[in-house]
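Trainee: Handing you this structure, nothing more for now.
The values are calculated or read from the model by the stated rules, or taken from the named source; none is laboratory data. Predicted model only: the values in this text are computed from it and were never measured. Because the Cβ atoms are built from the backbone with ideal geometry, glycine has one as well, and the counts that use them run over all protein chains shown. These area figures cover heavy atoms from the full protein model, side chains too; ligands, DNA and RNA do not enter into them. Shrake-Rupley method; radii C 1.70, N 1.55, O 1.52, S 1.80 Å.
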Amino acid sequence: MSLSKNRIKYIHSLELKKNRDAEGVFLAEGPKLVGELLGHFPCLLLAATPEWKGTDRAAQAEEYLEVTAEELARASLQRTPQQVLAVFRKREETAGSAEIARSLCLALDGVQDPGNLGTIIRLADWFGIRHVFCSPDTADAYSPKAVQATMGSLARVHLHTADLPALIGGLPEGTPVYGTFLDGENLYGKTLTENGLLIMGNEGRGIRDEVGRLVNQRLYIPAYPQERGASESLNVGVATAIVCAEFRRQAARH
């Protein structure tokens, strides 16, 4: 069965957040990404060319269509379509203060760029961080650009939308809440815990004041050498990688 005009119109409609939210679904494209997500999210529709090497997994989709490269190109949102696209249903995610009290979790305060967001989800996966809490004004992690940037890490990282002040306010007393600030303590001289909440802020303004006031462990990533002038700030994805790497380096020594 080929991809009908209505099917193609539906797939294109998922570029808009309001349509993804209304349907509770998202779009993924390419062999690696689709292969990673199959089995972790319910697959409603899978369309692939005969060249796709994952046909043995097609039964995991509610509907499977073998299509031509031309049909796939008409449906795809990518400049260079890659053999397969799939529509997945989002998972129902639940987590809260208990996860933060026993493991290291990430919180994103207004991260706007979907590429940065996807990269941070990929970093969370790499460093074994299973839960990421996003403020309501953080970019949509299920947008096509963000999904592509995760490179499949959505399969292993659980995403939650949360009012960050309320989330932090509900944590057990003494739970570490970390954030990066220009007046923070040198990251490399700080003893870091294996649990708590690490907050990363917006690309331009950093962590907003109402959230920053609730941070009880203020960190600073020093330039090198410290007396040399450097750029005013780091990309939020780069900063997340540096801080998470130091958390895991210290954990590995214990």
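Trainee: On the basis of being closer than 18 Å to E29 by Cα, out of contact with any helix residue (DSSP H, G or I) (no Cβ under 6 Å at 6 or more places or on another chain) and polar (S, T, N, Q), does T119 make the cut?
Mentor: no
Trainee: Does A107 satisfy being within 20 Å of L33 (Cβ to Cβ) and either touching an Asp or Glu at 6+ places or on another chain (Cβ under 8 Å) or buried (at least 21 other Cβ atoms within 10 Å of the Cβ) (or both)?
Mentor: no
Trainee: Still on this structure: Quickly run through segment 53-81 and pick out the residues that are more than 23 Å from K9 (Cα to Cα) and surrounded by 14 or more Cβ atoms within 10 Å (Cβ to Cβ).
Mentor: If the condition is that a residue be more than 23 Å from K9 (Cα to Cα) and surrounded by 14 or more Cβ atoms within 10 Å (Cβ to Cβ), then G54, T55, R57, Q60 are the ones that fit.
Trainee: For residues in segment 83-101 being open to solvent by 60 Å² or more (accessible area, probe 1.4 Å) and at pLDDT below 90, which is farthest from L27 (Cα to Cα)?
Mentor: T94
Trainee: Are there strands (runs of 3 or more DSSP E) fully within segment 140-254 with at least 1 residues that are among the small types (G, A, S) and closer than 20 Å to I129 by Cα? List them.
Mentor: The strands (runs of 3 or more DSSP E) meeting that bar are 177-186, 196-201.
Trainee: Which residue pairs have Cβ atoms under 7 Å apart, sit 6 or more places apart or on different chains, and have a first residue in segment 1-26 that is closer than 14 Å to L85 by Cβ and a second that is among the β-branched types (V, I, T) and open to solvent by 70 Å² or more (accessible area, probe 1.4 Å)?
Mentor: Close Cβ pairs (under 7 Å, with a partner that is among the β-branched types (V, I, T) and open to solvent by 70 Å² or more (accessible area, probe 1.4 Å)) do not exist here.
Trainee: Same structure, new question: Could you tell me whether any residue of segment 128-144 is modelled with pLDDT of 95 or more, buried (at least 24 other Cβ atoms within 10 Å of the Cβ) and more than 16 Å from A162 (Cα to Cα)?
Mentor: No.
Trainee: Which of the following residues is open to solvent by less than 10 Å² (accessible area, probe 1.4 Å) and either touching a Phe, Trp or Tyr at 6+ places or on another chain (Cβ under 8 Å) or modelled with pLDDT under 95 (or both): V243, V177, V211? Working first, answer last.
Mentor: On the way: V177 fails: either touching a Phe, Trp or Tyr at 6+ places or on another chain (Cβ under 8 Å) or modelled with pLDDT under 95 (or both); V211 fails: either touching a Phe, Trp or Tyr at 6+ places or on another chain (Cβ under 8 Å) or modelled with pLDDT under 95 (or both).
Exactly one of V243, V177, V211 is open to solvent by less than 10 Å² (accessible area, probe 1.4 Å) and either touching a Phe, Trp or Tyr at 6+ places or on another chain (Cβ under 8 Å) or modelled with pLDDT under 95 (or both), namely V243.
Trainee: Could you please find all residues in segment 188-229 being farther than 23 Å from G169 by Cα and small (G, A, S)?
Mentor: Hits for segment 188-229 are G189, G204, A223, G229.
Residues checked against (1) touching a helix residue (DSSP H, G or I) at 6+ places or on another chain (Cβ under 9 Å); (2) of a type in the set (A, V, I, L, M, F, W, C); (3) within 18 Å of A101 (Cβ to Cβ):
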position: Y142; (1), (2), (3): yes, no, no
position: A146; (1), (2), (3): yes, yes, no
position: A149; (1), (2), (3): yes, yes, no
position: R156; (1), (2), (3): yes, no, no
position: T161; (1), (2), (3): no, no, no
position: L164; (1), (2), (3): yes, yes, yes
position: G170; (1), (2), (3): yes, no, yes
position: V177; (1), (2), (3): yes, yes, yes
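Trainee: Has segment 46-63 got any residue that is small (G, A, S), more than 18 Å from Q82 (Cα to Cα), at pLDDT 95 or above and out of contact with any strand residue (DSSP E or B) (no Cβ under 8 Å at 6 or more places or on another chain)?
Mentor: no
Trainee: Restricting attention to segment 150-165, which residues are of a type outside the set (G, A, S), more than 13 Å from A107 (Cα to Cα) and open to solvent by less than 20 Å² (accessible area, probe 1.4 Å)?
Mentor: T150, L154
Trainee: Would you point out the residue of segment 8-26, among those that are open to solvent by less than 40 Å² (accessible area, probe 1.4 Å) and not polar (S, T, N, Q), that is nearest to the chain's Cα centre (by Cα)?
Mentor: Of everything passing the filter in segment 8-26, F26 is nearest to the chain's Cα centre (by Cα).
Trainee: Does G39 satisfy the condition of being in contact with a helix residue (DSSP H, G or I) (Cβ under 7 Å, 6 or more places away or on another chain), among the small types (G, A, S), surrounded by 14 or more Cβ atoms within 10 Å (Cβ to Cβ) and modelled with pLDDT under 95?
Mentor: no
Trainee: Additional query: Of the residues A223, A245, which single one is without any contact (Cβ under 8 Å) to a residue 12 or more places away in the chain and either among the acidic types (D, E) or out of contact with any Gly (no Cβ under 6 Å at 6 or more places or on another chain) (or both)? I'd like the intermediate steps shown before the answer.
Mentor: Numbers: A245 fails: without any contact (Cβ under 8 Å) to a residue 12 or more places away in the chain.
So the residue among A223, A245 that is without any contact (Cβ under 8 Å) to a residue 12 or more places away in the chain and either among the acidic types (D, E) or out of contact with any Gly (no Cβ under 6 Å at 6 or more places or on another chain) (or both) is A223.
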